[in-house]
Amino acid sequence: MNYYYADAANRPVGPVPFTELQRLKSVGTIHDQTWVIEEGTAEWKPLRNLLGGSGASDELAQATPATRIQETKSTCQACGHVWFYGKQEVLTSRNDALLNVSKALMCCSGCIPALLIPTKTPIDLNKCPKCGSKASRQEQVVHDL
Ligand SMILES: [Zn+2]
(Lines give C-alpha, C1' and ligand atoms only; values in the text may rest on other atoms or scores of the structure.)
Protein backbone atom coordinates (compact mmCIF):
# COMPACT_ATOMS: atom_id res chain seq x y z
CA MET A 1 0.00 0.00 0.00
CA ASN A 2 1.32 3.43 -0.95
CA TYR A 3 0.61 6.80 0.60
CA TYR A 4 0.91 10.49 -0.06
CA TYR A 5 1.66 12.91 2.71
CA ALA A 6 1.23 16.68 2.86
CA ASP A 7 4.45 18.66 3.05
CA ALA A 8 4.88 21.98 4.88
CA ALA A 9 3.13 23.79 2.00
CA ASN A 10 0.30 21.23 2.04
CA ARG A 11 1.35 19.71 -1.26
CA PRO A 12 0.97 15.96 -1.57
CA VAL A 13 4.29 14.12 -1.68
CA GLY A 14 4.55 10.50 -2.81
CA PRO A 15 3.65 7.87 -3.38
CA VAL A 16 5.70 6.30 -0.60
CA PRO A 17 5.27 2.90 1.07
CA PHE A 18 4.10 2.66 4.67
CA THR A 19 7.62 1.80 5.86
CA GLU A 20 8.84 5.07 4.34
CA LEU A 21 6.19 6.97 6.33
CA GLN A 22 7.50 5.33 9.49
CA ARG A 23 11.06 6.24 8.54
CA LEU A 24 10.12 9.85 7.74
CA LYS A 25 8.40 10.11 11.11
CA SER A 26 11.42 8.69 12.94
CA VAL A 27 13.69 11.32 11.32
CA GLY A 28 11.19 14.09 12.03
CA THR A 29 10.23 14.98 8.45
CA ILE A 30 6.61 14.22 9.22
CA HIS A 31 4.82 13.90 12.53
CA ASP A 32 1.61 12.67 14.17
CA GLN A 33 -0.44 15.56 12.80
CA THR A 34 0.83 15.29 9.23
CA TRP A 35 -2.02 14.67 6.79
CA VAL A 36 -1.66 11.45 4.84
CA ILE A 37 -3.84 9.79 2.25
CA GLU A 38 -3.87 6.25 1.06
CA GLU A 39 -3.36 5.86 -2.66
CA GLY A 40 -6.69 5.18 -4.34
CA THR A 41 -8.77 6.71 -1.50
CA ALA A 42 -10.12 10.23 -1.11
CA GLU A 43 -9.81 10.63 2.66
CA TRP A 44 -6.95 12.53 4.26
CA LYS A 45 -6.26 11.62 7.85
CA PRO A 46 -3.62 12.46 10.44
CA LEU A 47 -0.61 10.14 10.36
CA ARG A 48 -1.37 9.28 13.98
CA ASN A 49 -4.58 7.52 12.92
CA LEU A 50 -2.68 5.50 10.35
CA LEU A 51 0.03 4.35 12.74
CA GLY A 52 -2.69 3.02 15.01
CA GLY A 53 -2.60 2.62 18.75
CA SER A 54 1.08 3.26 19.36
CA GLY A 55 0.87 7.04 19.12
CA ALA A 56 -2.27 7.21 21.22
CA SER A 57 -0.88 4.98 23.96
CA ASP A 58 2.28 7.11 24.09
CA GLU A 59 0.16 10.15 24.79
CA LEU A 60 -1.77 8.25 27.41
CA ALA A 61 1.39 7.08 29.13
CA GLN A 62 2.70 10.62 29.23
CA ALA A 63 -0.56 11.98 30.58
CA THR A 64 -0.90 9.40 33.34
CA PRO A 65 1.58 10.76 35.94
CA ALA A 66 0.11 14.27 35.73
CA THR A 67 -3.46 13.18 36.28
CA ARG A 68 -2.85 10.82 39.19
CA ILE A 69 -1.65 11.71 42.64
CA GLN A 70 -0.51 9.28 45.27
CA GLU A 71 -1.27 9.94 48.89
CA THR A 72 -1.24 8.18 52.19
CA LYS A 73 -4.61 7.66 53.81
CA SER A 74 -4.58 7.58 57.59
CA THR A 75 -7.45 6.24 59.63
CA CYS A 76 -7.56 6.91 63.35
CA GLN A 77 -8.20 3.73 65.32
CA ALA A 78 -9.50 5.72 68.28
CA CYS A 79 -12.07 8.08 66.78
CA GLY A 80 -12.35 6.94 63.17
CA HIS A 81 -11.16 10.26 61.74
CA VAL A 82 -9.70 9.94 58.23
CA TRP A 83 -7.05 12.25 56.83
CA PHE A 84 -4.68 12.28 53.88
CA TYR A 85 -1.16 13.45 53.34
CA GLY A 86 1.01 13.55 50.24
CA LYS A 87 4.72 13.26 49.51
CA GLN A 88 5.25 16.98 50.00
CA GLU A 89 4.07 16.88 53.58
CA VAL A 90 6.28 13.89 54.32
CA LEU A 91 9.31 15.71 52.90
CA THR A 92 8.54 18.89 54.84
CA SER A 93 8.14 16.95 58.05
CA ARG A 94 11.46 15.17 57.49
CA ASN A 95 13.24 18.47 56.78
CA ASP A 96 11.92 19.94 60.02
CA ALA A 97 13.11 16.91 61.94
CA LEU A 98 16.56 17.19 60.35
CA LEU A 99 16.74 20.89 61.30
CA ASN A 100 16.12 20.01 64.91
CA VAL A 101 18.84 17.36 64.80
CA SER A 102 21.44 19.77 63.42
CA LYS A 103 20.42 22.31 66.03
CA ALA A 104 20.96 19.81 68.82
CA LEU A 105 24.43 19.01 67.44
CA MET A 106 25.38 22.72 67.45
CA CYS A 107 24.30 23.22 71.00
CA CYS A 108 27.34 23.43 73.29
CA SER A 109 28.72 26.03 75.68
CA GLY A 110 30.03 29.01 73.75
CA CYS A 111 27.95 28.50 70.65
CA ILE A 112 24.96 30.58 69.65
CA PRO A 113 22.30 30.21 72.32
CA ALA A 114 19.92 27.59 71.11
CA LEU A 115 17.04 29.87 72.02
CA LEU A 116 17.90 32.15 69.11
CA ILE A 117 17.35 29.36 66.67
CA PRO A 118 13.67 28.94 65.99
CA THR A 119 12.44 25.51 66.86
CA LYS A 120 10.51 23.76 64.19
CA THR A 121 8.04 21.24 65.43
CA PRO A 122 7.89 18.35 63.06
CA ILE A 123 4.34 17.39 62.35
CA ASP A 124 3.59 13.83 63.25
CA LEU A 125 1.71 12.92 60.14
CA ASN A 126 0.40 9.73 61.65
CA LYS A 127 -1.05 11.44 64.70
CA CYS A 128 -4.78 12.03 64.56
CA PRO A 129 -5.40 15.78 64.13
CA LYS A 130 -8.79 15.40 65.79
CA CYS A 131 -8.21 13.42 68.98
CA GLY A 132 -4.40 13.23 69.11
CA SER A 133 -4.26 9.45 69.12
CA LYS A 134 -1.21 7.89 67.52
CA ALA A 135 -3.05 4.66 66.84
CA SER A 136 -3.68 5.07 63.15
CA ARG A 137 -3.66 2.83 60.15
CA GLN A 138 -1.95 3.90 56.91
CA GLU A 139 -2.65 2.82 53.39
CA GLN A 140 -1.42 4.11 50.03
CA VAL A 141 -4.14 5.52 47.82
CA VAL A 142 -4.07 6.88 44.27
CA HIS A 143 -6.50 9.57 43.19
CA ASP A 144 -7.50 10.23 39.61
CA LEU A 145 -7.91 13.92 39.03
ZN1 LIG B 1 -8.69 10.32 66.31
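The values are calculated or read from the model by the stated rules, or taken from the named source; none is laboratory data. Small disclaimer: the values here were computed from a predicted structure and weren't measured. All Cβ positions, even for glycine, are placed from backbone atoms using ideal geometry, and neighbour counts span all protein chains on display.
Taking the range 28-51 as the search range and keeping residues that are of a type in the set (A, V, I, L, M, F, W, C) and in a strand (DSSP E or B), which one is modelled with the lowest pLDDT?
Top of the filtered list is W44.
Checking each residue in the range 73-89 for being more than 7 Å from the ligand (Cβ to nearest atom) and among the hydrophobic types (A, V, I, L, M, F, W, C) picks out V82, W83, F84. Being away from the ligand (no atom under 16 Å from the Cβ), at pLDDT 70 or above and either not in a helix (DSSP H, G or I) or not aliphatic (A, V, I, L, M) (or both) holds for only one residue in T64, T92, and it is T92.
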